[in-house]
1. Can you list the helices (runs of 4 or more DSSP H) found entirely within the range 1-84 that contain at least 3 residues being modelled with pLDDT of 90 or more and closer than 20 Å to ILE116 by Cα?
2. Of everything in the range 19-33, what is out of contact with any Leu (no Cβ under 9 Å at 6 or more places or on another chain) and either touching a residue at least 40 places away in the same chain (Cβ under 8 Å) or within 15 Å of ASN87 (Cβ to Cβ) (or both)? Give them in sequence order.
Amino acid sequence: MGVRFLRFNVVSALGIGVRLLAAWALVNGLGLHYLVGTTLAIEVSILHNFFWHLHWTWGPSGAPAESGAPASTNHVFVRCMAFHASNGLVTFLGAMVLMPFLVGSLGLHHLVANFIAICFTGLLNFFLGDRLVFRPA
């Protein structure tokens, strides 16, 4: 699990960059409200992270099993939906609870608030990915 956790953190670090860049472009570039920009940036980073977790973090165990397990539980679409329902939901709910407080009440910049929200949800997301989404069938 040590190598997997290290890989998870590498992908997550890249995902943080993707999310923050997307949030900046959507809020500062396109002028969207920070919660709308954050929501769209979360989706971009979820898809980015899912791809890399499937192919690199969990490697062969993220691919369809050859052990006679039902193919439906290992299908990429099913795993992507499971990733959205676990990691995506945690990330989204964490952001929607924390962002109004951090930006609206504390006056933090939306990118700083995004980073803080990411830190709060990261460990739970690893656990959900490891135990639910990418576990061998």
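1. Passing ranges, in order: 2-24, 34-52.
2. Selection gives ARG19 alone.
Condition check ((1) of a type outside the set (Gly, Ala, Ser); (2) loosely packed, with under 15 Cβ neighbours inside 10 Å) across all residues:
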position	(1), (2)
GLY17	no, yes
ALA25	no, no
LEU32	yes, no
VAL36	yes, yes
ILE46	yes, no
LEU54	yes, no
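The values are calculated or read from the model by the stated rules, or taken from the named source; none is laboratory data. Quick caveat, the model's predicted, so the values are computed rather than measured. Here the Cβ is made from the backbone with ideal geometry for all residues, glycine too, and neighbour counts use every protein chain on show.
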